[in-house]
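Read the figures in this text as sums done on the coordinates, not as results from a lab. Source: prediction; values computed, not measured. Positions of Cβ are backbone-derived with ideal geometry, glycine not excepted, and every protein chain shown enters the neighbour counts.
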Amino acid sequence: MKVTGFSFIRNAIKYDYPIVEAITSILPICDEFILAVGNSDDATLEIINNINSPKIKIIHTIWDDSLREGGRVLALETDKAFKEISKHSDWAFYIQGDEVVHEKYLQNIKADMLKWKDDKKVEGLLFKYKHFYGSYDYVGDSRKWYRYEVRIVRPNNNVFSYRDAQGFRIYPNQKLKVKLLDAYIYHYGWVKPPEKQGDKIRNFHKLWNTSEIEGKYDFDYSSIDSLDLFKETHPKVMEERIKKLNWKFDYPVDKKNYQSTLFAWLMWFERMTGYRIGEYRNFKLLK
């Protein structure tokens, strides 16, 4: 079985993306890794080269900064990396620049890729998610956070990155048929110093809107609706980054700031049943 990892990145240092940790977290079960490195204003290329792995193949790209609606440029950059994957690969393992896989899941992921390798009805593999917020001690636990997404697909010309690169579809616009893995993606996109998070949001605003957020600001993490304490371990590749944490965030987990009575009821129902009413699913789950 041949597995190729792939991703894209730009300005990883400037916006504090753990791209090195993302890549190295899945590299042990990948035979190669394709990374599209965009035109950056920092030493992103240098830190990727410093990984010093023969598995990594870098392609240099230029982002189309005129695409300022819906985050479409993120999908286009994903597709650039995906198109470089050999059709001899059995699976393509996608990881974004702020996502990391815990080492405890690697062998299970590999076993399931092998299990479903020859079953062509299975077009992708689905991960569960933990969304960290504010610091490495808290995870978002409300309906605002997506619970699942496809991160492993078959490398063929009919698959494309969908909308803002959150997931994938098959041409012309078909949802992938997937199996759910007993594994999580750890999403660290909302764990940055407040000033870095403010910079990232200003930058991301430009990818979704024609207007711009003026001036610098520190992001206010306290406006979240609901959090829970994270009591497990982080991936080993994150240890050094976590040690360098230089800001503090405290949040009372018993505090709930739901937007409406209906939202609060929906949260109660989900916690009681495990079922999320009205959940958006960019995939078709196979039993």
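Numbers for the structure displayed
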{"quantity": "Under 20 Å from LYS256, Cα to Cα: lysines that are on another chain or at least 8 residues apart", "calculated": "LYS130, LYS144, LYS231"}
{"quantity": "Cα gyration tensor, region 146-254 - rounded (a/c under 1.5), prolate or oblate", "calculated": "oblate"}
{"quantity": "Alpha-carbon centroids, region 61-116 and region 126-173: separation in whole Å", "calculated": "10"}
{"quantity": "Per-residue Cβ neighbour rank within 10 angstrom, fewest leading, HIS187, HIS88", "calculated": "HIS88, HIS187"}
{"quantity": "Inter-label distance for PHE230 and ASN157, nm, one decimal - labels placed 7 Å from Cα along Cα-to-Cβ", "calculated": "4.1"}
{"quantity": "Cα-based reach from LYS216 at 17 Å (exclusive), listing aspartates and glutamates while leaving out same-chain residues under 8 positions away", "calculated": "ASP16, GLU195, ASP199"}
{"quantity": "Sparse-neighbour loop sites [chymotrypsin sites (Phe, Trp or Tyr not before Pro); region 175-221; at most 15 other C-beta within 10 Å; DSSP]", "calculated": "TYR217"}
{"quantity": "Shape parameters for the chain, alpha-carbon atoms, Rg then Dmax in Å", "calculated": "18.8, 54"}
{"quantity": "Counting DSSP beta bridges with both ends in the chain, the antiparallel % (nearest 5)", "calculated": "45"}
{"quantity": "Least to most buried among SER222, SER260 (fewest other Cβ within 10 Å first)", "calculated": "SER260, SER222"}
{"quantity": "Distance-filtered residues of region 93-108 - backbone nitrogen under 11 Å, label point 7 angstrom along TRP145 Cα→Cβ", "calculated": "none"}
{"quantity": "Qualifying GluC sites (Glu not before Pro) in region 130-216, DSSP loop, other Cβ atoms within 10 Å at most 12", "calculated": "GLU212, GLU214"}
{"quantity": "Highest-MSF residue in the chain out of ARG68, ARG271, ARG163 [GNM, Cα springs under 10 Å]", "calculated": "ARG271"}
{"quantity": "Zero-based 5 Å bins, Cα pair distances in region 1-84, whole percents", "calculated": "3, 15, 26, 26, 18, 8, 4, 1"}
{"quantity": "GLN174-LEU262 pseudo-label distance in nm [points 7 Å out on the Cα-to-Cβ vector]", "calculated": "3.5"}
{"quantity": "Choice from SER223, SER86, SER40 with maximal GNM fluctuation in the chain (Cα, 10 Å cutoff)", "calculated": "SER223"}
{"quantity": "Length added when fully stretched, SER86-ILE201, from 0.36 nm per residue minus Cα-Cα", "calculated": "37.9 nm"}
{"quantity": "Where Cα atoms sit under 23 Å apart: lysine pairs in region 28-123 separated by 8 or more or lying on different chains", "calculated": "23"}
{"quantity": "Highest-fluctuation residue, LYS200, LYS256, LYS192 considered, GNM on the chain with Cα pairs under 10 Å", "calculated": "LYS256"}
